[in-house]
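Okay, structure first, notes after.
The values are calculated or read from the model by the stated rules, or taken from the named source; none is laboratory data. Since this is a predicted model, take the numbers as computed values, not measurements. Don't worry about glycine lacking a Cβ; one is built from the backbone with ideal geometry, like all the others, and counts go over all protein chains shown. What goes into the accessible areas is simple: the full protein's heavy atoms, side chains included, and nothing from ligands, DNA or RNA. Shrake-Rupley method; radii C 1.70, N 1.55, O 1.52, S 1.80 Å.
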Amino acid sequence: MLRPRVIPCLLVQNGGLVKTVAFKDPKYVGDPINAVRIFNEKEADELAVFDIDATTHNAEPDFKMVARLAAECRMPLCYGGGVKTAEQARRIVGLGVEKVAISSAAIETPDLISQSAREIGGQSVVVVVDARLDPRTGQSMAWTHNGTRTSGRTVIDVAQQAEALGAGEIVVNSIDRDGMMRGYDLALAKTVRQAVGLPITLLGGAGSLADIKALVDSCGVVGAAVGSLFVFKGAYRAVLINYPAPQKKDELFLSA
């Protein structure tokens, strides 16, 4: 039976684990490998790791880091950052990664989605759409290059194109809610859920387990990706890697 997934999301920059707010002001919070080990012990459903600088700096994926992450990780792993070719996607999967995330390149070169699907299988191709609300139109627009460039396209348009080209999953990453810990954008989540038939994951805004429950109650079987909530603890945002115990997580999904 399909069930919601609770997915820690780690951002890396220069090999270190960082956290951002609205895609800005990255704060170093530790070693990503140590974080992976802790999430192994916590028995996380999946793990997502995104290199936030690779595309902005026109760098290829850090294959050495990918290999270290994959060797350590005991749960399904999704890696994104700097992927521009299907060959790079194949190489990442060859290192032991289950899913490859494509973001900016999926918008700039949509054929990369179908090429990667042929190379590694559609189930392993994840398209990440960085979303920002346009206050003039009320529509959520897709941005690229770590939220620094607008694509001029709506999130829905990009998501539907990704589905048509063979992607296996859509991750919607809210720029506006990144690091804010005030809840997911449920309206956007429901809109994307209704627009595509693929599995979807929402990222950006989780500040409590209640926020995860609200997402699942609103959208059903989806992925809830979580950054700050699983990295920080308390009002002063002390670094403490955490994840809900299995029983606690099951309680969140009783109505899902």
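When residues in the range 135-151 are screened for being in a strand (DSSP E or B) and either modelled with pLDDT under 95 or of a type in the set (S, T, N, Q) (or both), 6 of them pass. Against the test of being small (Gly, Ala, Ser) and over 17 Å from Ala225 (Cα atoms), the options Gly205, Gly138, Gly179 yield a single qualifying residue, Gly138. Taking the criterion of being closer than 19 Å to Ala59 by Cα and either without any contact (Cβ under 8 Å) to a residue 24 or more places away in the chain or out of contact with any strand residue (DSSP E or B) (no Cβ under 7 Å at 6 or more places or on another chain) (or both), the residues of the range 86-107 that qualify are Ala86, Glu87, Gln88, Arg90, Arg91, Leu95, Ala105. Of the residues making up the range 118-131, just one is part of a helix (DSSP H, G or I) and of a type in the set (A, V, I, L, M), namely Ile120. Residues in the range 121-152 that are among the small types (Gly, Ala, Ser) and out of contact with any helix residue (DSSP H, G or I) (no Cβ under 9 Å at 6 or more places or on another chain) were compared, and the one that is surrounded by the fewest Cβ atoms within 10 Å (Cβ to Cβ) is Gly138. Scanning the range 128-161 for residues that are at positive phi and touching a residue at least 40 places away in the same chain (Cβ under 8 Å) returns His145, Asn146, Gly147. The residues listed here are Glu169, Glu251; of these, the one that is over 30 Å from Tyr28 (Cα atoms) and not hydroxyl-bearing (Ser, Thr, Tyr) is Glu251. Residue-level analysis places Gly183 among those that are surrounded by fewer than 18 Cβ atoms within 10 Å (Cβ to Cβ) and within 17 Å of the chain's Cα centre (by Cα).
Within the range 211-251, the residues that satisfy the criterion of being aliphatic (A, V, I, L, M), more than 23 Å from Leu77 (Cβ to Cβ) and at pLDDT below 95 are Ala235, Ala238.
Name the helices (runs of 4 or more DSSP H) wholly within the range 1-117 that hold at least 3 residues that are modelled with pLDDT under 95 and aliphatic (A, V, I, L, M)?
Of the helices (runs of 4 or more DSSP H) lying wholly inside the range 1-117, none has at least 3 residues that are modelled with pLDDT under 95 and aliphatic (A, V, I, L, M).
Restricted to the range 185-219, and to residues there that are part of a strand (DSSP E or B) and either out of contact with any helix residue (DSSP H, G or I) (no Cβ under 6 Å at 6 or more places or on another chain) or among the small types (Gly, Ala, Ser) (or both), the residue that is farthest from Arg5 (Cα to Cα) is Leu203. Going through the range 220-248 one residue at a time, which ones are of a type outside the set (Ser, Thr, Tyr), surrounded by 19 or more Cβ atoms within 10 Å (Cβ to Cβ) and not in a loop (DSSP other than H, G, I, E, B)? Those that are of a type outside the set (Ser, Thr, Tyr), surrounded by 19 or more Cβ atoms within 10 Å (Cβ to Cβ) and not in a loop (DSSP other than H, G, I, E, B): Gly223, Ala224, Ala225, Val226, Leu229, Phe230, Phe232. Among residues of the range 1-18 that are open to solvent by less than 40 Å² (accessible area, probe 1.4 Å), those with a beta-carbon under 9 Å from a residue that is of a type in the set (Ser, Thr, Tyr) and assigned to a loop (DSSP other than H, G, I, E, B) at least six positions away or on a different chain give the pairs Val6/Tyr243; Pro8/Tyr243.
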